[in-house]
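Undergrad: Okay, handing you the structure first.
The values are calculated or read from the model by the stated rules, or taken from the named source; none is laboratory data. Since the structure is predicted, the reported quantities are computational estimates derived from the model, not experimental observations. As a convention, Cβ positions derive from the backbone with ideal geometry for all residues, glycine included, and neighbour counts pool all protein chains shown.
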Amino acid sequence: MRLGALPPDPRDIYSQMKGGSAPFGKEDEMYSFDFEKPSSIADAVAALGAEDAQALGGGQTLIPTLKQRLAAPSVLVSLSGIAEMRGVCVEDDGALVIGGATPHAIVAAEAAGSYPALAALAGQIGDPAVRNRGTIGGSVANNDPAACYPAGVLGSGATIVTNTRQVAADDFFEGMFATVLEEGEIITSVRFPVPQAASYQKFLQPASRFALVGVYVARFADGVRVAVTGASEDGVFRWTEAEAALNKEFRPDALTGLSINPANMIADLHGSKAYRAHLVSVMTKRAVMASL
Amino acid sequence: MKVSMTVNGRLVEGDVEGRTLLSGFLRDQLSLTGTHVGCDTAQCGACVVHVDGVAVKSCNMLALEADGAEVGTIEGQAHADGSLSVIQQAFQDHHGLQCGFCTPGMVMSAAALLKDNPRPTEAEVRKYLEGNLCRCTGYHNIVKAIMAASGQDVSHIAAE
């Protein structure tokens, strides 16, 4: 971080993105930065080797963050010009692979046949104009604790493919705005095994259009996965007690009596810890119902 | 840094900083002030323009990201003879605006919607406008105008 810039506090970013007030006054003035738009992954990796370089996906979170002066990169490296990182395809084994720079609107349209629940999730992010810019790689790398994609990625047991390695979703997310990504590492694609049935149920926070609570339930031949976003101070998580109950019996009633400990839930003006904990149960039941 | 793009069919060039927003380039360098900046946080939609055929919030996109792109703004919506587009005329006919601040974004979003979905239902129109805020009208006549612009009968929608 350069002189004059404060290191970003995840809580400031969270509060700003969810409609909180700006920590600094001049919101229309970003710190100055250079801009590069490489056309290959190799060139992007090279450009990101510069000190304080920052990758730019669709910018739908990063640009507001820059406007709030919560980040001060020396150079933004746009990933939008890399053709090999855009698009949706189904591999021979049936897995759905989405390029890291693919906008949500493209996923919503092109994955609708192969993985309808994930396409529906993509179609609920933000609003139409945001979905035309925001990308899956940007969302997953940012790991906003109320973003939709982390729930779909963790709930599907997807694999995050970067320029250097492949990481299982279970090992990827490390808490609010934190992942295992190294400096300069780029999400080139995300690979989703397609479940037998799945559903994402989002309780919308209508001002920010993020999830107040969102639950992704996916039923595979070898078990059920339940991933929760919007609720925990630690970001997206798997509700393993619910998974165990649903593995015994895949019905909403199987969740009766199960509850989430509210201690670790997010509390803000939109909902208390107890309210979010309650919503997790309700949205999980709805997701199971929708998957039947 | 140099940037060039096609705006409303005209090739334009400019010199911008990395941090220059598309909205700023359109307004400050091209004097296309029909693109409004309302919230400057990508929530209100007053700054919606088309980039390569899709609606985007120009206050949330760097000008350099639009290098080489086809950009459409509200100034390019009217016909060459100056007469209003079908959508603009419908907004006038059905009183789809009061103060008018949100209107450029509303019209650009409506145009993007009708390109993909020429005969939307009322629910689809309301859903599509989730990223466009209007603090005057209560949306009713905006929705009505867009339904009318799509060639559908709106006589059953009561005037408000």
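Undergrad: Criterion first (touching a residue at least 60 places away in the same chain (Cβ under 8 Å), surrounded by 23 or more Cβ atoms within 10 Å (Cβ to Cβ) and part of a loop (DSSP other than H, G, I, E, B)) does A:GLY235 satisfy it?
TA: Yes; evaluated as a whole, the condition is true for this residue.
Undergrad: Further question on the same structure: Look through A:PRO206, A:PRO252, A:PRO262, A:PRO193 and report the one residue that is within 14 Å of another protein chain (Cβ to nearest Cβ) and either more than 28 Å from A:VAL167 (Cβ to Cβ) or at pLDDT 95 or above (or both). Outline the logic, then answer.
TA: Details: A:PRO252 fails: within 14 Å of another protein chain (Cβ to nearest Cβ); A:PRO262 fails: within 14 Å of another protein chain (Cβ to nearest Cβ); A:PRO193 fails: within 14 Å of another protein chain (Cβ to nearest Cβ).
Checking each option against the conditions leaves just A:PRO206.
Undergrad: May I pose another question? Which one of these is of a type in the set (D, E, K, R), part of a helix (DSSP H, G or I) and farther than 21 Å from A:LYS37 by Cβ: B:ASP28, B:ASP81, B:ASP40?
TA: The conditions single out B:ASP28.
Undergrad: Quick check on my filter: what residues within region B:123-137 are within 9 Å of chain A (Cβ to nearest Cβ) and surrounded by 21 or more Cβ atoms within 10 Å (Cβ to Cβ)?
TA: B:TYR128, B:LEU129, B:GLY131, B:ASN132
Undergrad: Need pairs with beta-carbon distance below 8 Å; first residue acidic (Asp, Glu) and within region B:3-28, second surrounded by fewer than 20 Cβ atoms within 10 Å (Cβ to Cβ); sequence gap 6+ or separate chains.
TA: These pairs meet every condition: B:GLU13/B:LYS2; B:GLU13/B:SER4; B:ASP15/B:MET1; B:ASP15/B:LYS2; B:GLU17/A:SER32; B:GLU17/B:MET1.
Undergrad: For region B:51-76, which positions are in a strand (DSSP E or B) and buried (at least 24 other Cβ atoms within 10 Å of the Cβ)?
TA: Listed by number, the residues that qualify are B:ALA55, B:VAL56, B:LYS57, B:LEU62, B:VAL71.
Undergrad: Please state which of the following conditions A:THR164 fails to meet, knowing it meets all the rest: (1) part of a loop (DSSP other than H, G, I, E, B); (2) within 14 Å of chain B (Cβ to nearest Cβ).
TA: (2)
Undergrad: Would you be able to say whether some residue in region A:72-83 is at the interface with chain B (Cβ under 9 Å from one of its Cβ atoms), of a type in the set (S, T, N, Q) and in a loop (DSSP other than H, G, I, E, B)?
TA: Scanning region A:72-83, I find at least one residue that is at the interface with chain B (Cβ under 9 Å from one of its Cβ atoms), of a type in the set (S, T, N, Q) and in a loop (DSSP other than H, G, I, E, B), so the answer is yes.
Undergrad: Please verify whether A:ALA50 is within 14 Å of chain B (Cβ to nearest Cβ), modelled with pLDDT of 65 or more and in a loop (DSSP other than H, G, I, E, B), treating the condition exactly as stated.
TA: Considered against the rule, which asks whether it is within 14 Å of chain B (Cβ to nearest Cβ), modelled with pLDDT of 65 or more and in a loop (DSSP other than H, G, I, E, B), A:ALA50 comes out as yes.
Undergrad: While we're looking at this one, here's another question. From A:ALA83, A:ALA119, A:ALA101, grab the single residue that is at pLDDT 95 or above, touching a helix residue (DSSP H, G or I) at 6+ places or on another chain (Cβ under 7 Å) and more than 24 Å from B:GLN43 (Cβ to Cβ).
TA: Of A:ALA83, A:ALA119, A:ALA101, the one residue that is at pLDDT 95 or above, touching a helix residue (DSSP H, G or I) at 6+ places or on another chain (Cβ under 7 Å) and more than 24 Å from B:GLN43 (Cβ to Cβ) is A:ALA119.
Undergrad: Is region A:102-124 home to any residue that is outside any helix (DSSP H, G or I), β-branched (Val, Ile, Thr) and touching a residue at least 60 places away in the same chain (Cβ under 8 Å)?
TA: Scanning region A:102-124, I find no residue that is outside any helix (DSSP H, G or I), β-branched (Val, Ile, Thr) and touching a residue at least 60 places away in the same chain (Cβ under 8 Å), so the answer is no.
Undergrad: Turning to a different aspect of this structure: How many residues are crowded, with 19+ Cβ neighbours inside 10 Å and either over 17 Å from A:ALA141 (Cβ atoms) or free of Cβ contacts under 8 Å to residues at least 40 places away in the same chain (or both) when one looks only at region A:89-101? Full working, then the answer.
TA: From region A:89-101, those crowded, with 19+ Cβ neighbours inside 10 Å are A:96, A:98-101; that's our starting set.
Narrowing further to those that are either over 17 Å from A:ALA141 (Cβ atoms) or free of Cβ contacts under 8 Å to residues at least 40 places away in the same chain (or both): A:96.
Residues in region A:89-101 being crowded, with 19+ Cβ neighbours inside 10 Å and either over 17 Å from A:ALA141 (Cβ atoms) or free of Cβ contacts under 8 Å to residues at least 40 places away in the same chain (or both): 1 in total.
Undergrad: Any chance you could count how many residues in region A:203-223 are part of a strand (DSSP E or B) and surrounded by fewer than 24 Cβ atoms within 10 Å (Cβ to Cβ)?
TA: Here the count works out to 6.
Undergrad: If I filter region A:125-142 down to residues being of a type in the set (Val, Ile, Thr) and not in a loop (DSSP other than H, G, I, E, B), which single residue comes out as farthest from the other protein chains (Cβ to nearest Cβ)?
TA: A:VAL140
Undergrad: Taking the residues in region B:19-76 that are modelled with pLDDT under 95 and facing chain A (nearest Cβ under 9 Å) as candidates, determine which candidate is farthest from A:PRO206 (Cα to Cα).
TA: Applying the filter and picking the extreme gives B:ASP40.
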